[in-house]
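Below is one structure, written out as structure tokens; the observations come after it.
The values are calculated or read from the model by the stated rules, or taken from the named source; none is laboratory data. Treat the numbers as computed from the prediction; the structure is a model and nothing was measured. Glycine gets a Cβ as well: all are built from the backbone with ideal geometry, and neighbour counts include every protein chain shown.
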Ligand SMILES: Nc1ncnc2c1ncn2[C@@H]1O[C@H](COP(=O)(O)OP(=O)(O)O)[C@@H](O)[C@H]1O
Ligand SMILES: [Mg+2]
């Protein structure tokens, strides 16, 4: 079973960037098999990782989805499980040091959550092949209520230094409790904090009372901003860049096995 790290939080706070950097960290520091999962239907983790995306689970034909969803074998055809394995193998994109699975959107009029239902059903099975799984989720809490991320070892809630962002993290944190999700550890990462605002952010967090032990800050970093500006991946980020160094320290501190 892989060690699963999931990202959650308000849109535009840096989830995809940090998920990408986590993949880079694991590839550099652990050198074991990593599966990156883009569970955001507005897929862009592949861009952050510098990988071309040729197929997504969402692009499974409805027919296959129906078979897989029902769990019943298609008469005379492959079993639902064989079909799923085949489709996943087809969708897995192999990159340098890691694999990427993009959930995407289903084609046709099918339910958008079909892809998520599938991943929920089979993540455990899939994760046997990897030491780590890094899940980049969409903004909001839908993925939690749909339980796409049912077994998570480390949940990183990402916020920007705003009241809205911290409140969103607080809601995610409570929802995870209400849904009794199987989450090993949680941390709140406040991203894009400038040294001038640092004290205000600390005050905001204590005022809002987010009951999380691990709270970290990451600096606003022009190097990261420039990545998106020119369309480079996180692997192009200089190893001494401010945010990378700070985030690697966070991951070291969280002592991921
Ligand atoms: N620490 C940072 N410093 C500067 N820019 C950042 C930082 N973290 C993220 N960004 C930028 O913020 C934008 C949103 O980041 P992204 O990772 O796509 O957020 P999300 O996945 O949460 O929507 C991107 O343009 C990204 O380059
Ligand atoms: Mg994103």
### Task
Write out, first by first residue and then by second, each pair whose Cβ atoms fall under 7 Å of each other, whose residues are 6+ apart or on separate chains, and whose first residue, in the stretch 1-29, is on the phi > 0 side of the Ramachandran plot while the second is near ligand 1 (Cβ under 8 Å from one of its atoms) and in a helix (DSSP H, G or I).
9/15
### Conditions (1) part of a helix (DSSP H, G or I); (2) at pLDDT 90 or above; (3) near ligand 1 (Cβ under 10 Å from one of its atoms): number failed by residue 192
(1)
### residue 10 vs. criteria over 24 Å from residue 240 (Cα atoms) and surrounded by fewer than 24 Cβ atoms within 10 Å (Cβ to Cβ)
yes
### Task
Please specify each residue of the stretch 25-44 satisfying the condition of being more than 8 Å from ligand 1 (Cβ to nearest atom) and in contact with a strand residue (DSSP E or B) (Cβ under 9 Å, 6 or more places away or on another chain).
26, 27, 30, 32, 33, 34, 35, 36, 37, 38, 39, 43
### Considering residues of the stretch 195-231 that are near ligand 1 (Cβ under 10 Å from one of its atoms) and in a loop (DSSP other than H, G, I, E, B) only, the residue surrounded by the fewest Cβ atoms within 10 Å (Cβ to Cβ)
220
### Task
Could you please give the count of residues in the stretch 1-42 that are more than 9 Å from ligand 2 (Cβ to nearest atom) and not in a strand (DSSP E or B)?
20
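Here's the yes/no breakdown for (1) within 20 Å of the chain's Cα centre (by Cα); (2) within 24 Å of residue 50 (Cβ to Cβ):
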| site | (1), (2) |
| --- | --- |
| 204 | no, no |
| 224 | yes, yes |
| 235 | yes, yes |
| 243 | yes, yes |
| 248 | yes, yes |
| 254 | yes, no |
